[in-house]
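One structure is given below, encoded as structure tokens.
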Amino acid sequence: MTADLLTQPAVMWVPPGSTMSAASEAADLACAVGQPPFPEQRLALEVLLAEVRQPGRPLRWAAFEAAIVCGRQNMKTWCLQMSVLHDLFVRQDARRIVWTAHRFKTTQSAFEDFVHLIEANELLGKQVLKVRTSNADKSIHLRSGARLDFLARTSGGGRGLTGDVVVLDEALFLSAAMMGSLIPTMSARSVDGNPQVRYGSSAGLLDSEVLRGLRDRGRALNDPTLAYVEWSVP
């Protein structure tokens, strides 16, 4: 299989009129932290970080929800990580970012990856105020006032996950009960803020109802509230 074929997702949808400037910035930042993107990763960033300009307002996310579905762990996780680094160190309009995964071990691994990436870069490291490492509080706080919290999800609901950006890794395990409380709470931030929910997942299971809904909306290629990219076999 050639590199050209590898860059082509099975499905890609971005709302019309989107710009890709944030993806370029995130790719540049990725290079600065020693994680230069492959063509597929750059393409996925263009979906996750698509923006639109509205009259009299700054650039906003093109879609309230953005999702990447693929079988490669280093693909989806890398893209989500770079998008969050862009939120923290370039865009800087997100005060609270929440990173979640179904398993505590996955959340712990993501936290360690972020700490390593940030501490290994002098310019980024200087902007960190403190890092909390207890099981009850894993978070990275910046001098700007922004913070990145790492939480394991529970089946009881998603209210505690609310932030300006919420990352839902391992989205195949999401429950309707969780999304039923998270999405309305996040949507309320749209009035004055620029919220976004980002999903990352491998292929779903029989009971992956939330992911199946995202897939169906993304494959329809007409949902103005969702940006979606999927790598899958026919």
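A few points about this structure:
- Output for the range 32-88, where each listed residue is touching an Asp or Glu at 6+ places or on another chain (Cβ under 9 Å), polar (S, T, N, Q) and in contact (Cβ under 8 Å) with a residue 60 or more places away in the chain: THR77
- When ASP149, ASP169, ASP137, ASP164 are checked against the criterion of being of a type in the set (D, E, K, R) and farther than 26 Å from GLN35 by Cβ, ASP137 stands alone in meeting it.
- One residue stands out among those in the range 151-165 that are part of a strand (DSSP E or B) and modelled with pLDDT of 85 or more: the one that is most open to solvent (accessible area, probe 1.4 Å), which is LEU151.
- HIS116, sole failed condition from (1) of a type outside the set (S, T, N, Q); (2) outside any loop (DSSP other than H, G, I, E, B); (3) touching a Ser or Thr at 6+ places or on another chain (Cβ under 9 Å): (3)
- Filtered residues of the range 196-213 (kept if open to solvent by 30 Å² or more (accessible area, probe 1.4 Å), of a type in the set (A, V, I, L, M) and free of Cβ contacts under 8 Å to residues at least 40 places away in the same chain): LEU205, LEU206
- Annotation: of all residues in the range 58-72 being within 22 Å of ALA203 (Cβ to Cβ) and open to solvent by 10 Å² or more (accessible area, probe 1.4 Å), the one that is nearest to the chain's Cα centre (by Cα) is GLU65.
- Count - residues of the range 219-234 that are in a helix (DSSP H, G or I) and either touching a Phe, Trp or Tyr at 6+ places or on another chain (Cβ under 6 Å) or buried (at least 20 other Cβ atoms within 10 Å of the Cβ) (or both): 0
- Residue list for the range 41-57, restricted to those being open to solvent by less than 70 Å² (accessible area, probe 1.4 Å), within 16 Å of the chain's Cα centre (by Cα) and not polar (S, T, N, Q): LEU43, ALA44, LEU45, GLU46, VAL47, LEU48, LEU49, ALA50, GLU51
- Here LEU182 meets the list (1) assigned to a helix (DSSP H, G or I); (2) open to solvent by 20 Å² or more (accessible area, probe 1.4 Å); (3) modelled with pLDDT under 95 almost entirely, failing just condition (2).
- Within the range 198-213, the set of residues being closer than 22 Å to GLN81 by Cβ, part of a loop (DSSP other than H, G, I, E, B) and among the aliphatic types (A, V, I, L, M) comprises just one member, ALA203.
- Boolean, ASP216 is part of a helix (DSSP H, G or I), among the acidic types (Asp, Glu) and surrounded by fewer than 14 Cβ atoms within 10 Å (Cβ to Cβ): yes
- Within the set MET75, MET82, MET12, MET20, the sole residue that is of a type in the set (A, V, I, L, M), closer than 26 Å to VAL210 by Cβ and open to solvent by 50 Å² or more (accessible area, probe 1.4 Å) turns out to be MET12.
- Residue satisfying condition, being closer than 20 Å to ILE118 by Cβ and of a type in the set (D, E, K, R), within set ARG60, ARG72, ARG53, ARG96: ARG96
- The residues in the range 97-142 that are touching a helix residue (DSSP H, G or I) at 6+ places or on another chain (Cβ under 8 Å), more than 21 Å from ASP169 (Cα to Cα) and either in contact (Cβ under 8 Å) with a residue 12 or more places away in the chain or surrounded by 15 or more Cβ atoms within 10 Å (Cβ to Cβ) (or both) can be counted, and the count is 7.
- Boolean, LEU148 is buried (at least 20 other Cβ atoms within 10 Å of the Cβ), at pLDDT below 80 and of a type outside the set (Asp, Glu): no
The values are calculated or read from the model by the stated rules, or taken from the named source; none is laboratory data. As the structure is a prediction and not an experimental result, all values here were calculated from the model. Note that we place each Cβ from the backbone using ideal geometry, even for glycine, and neighbour counts take in every protein chain shown. Areas reflect the complete protein model, heavy atoms only, side chains present, ligands, DNA and RNA absent. Shrake-Rupley method; radii C 1.70, N 1.55, O 1.52, S 1.80 Å.
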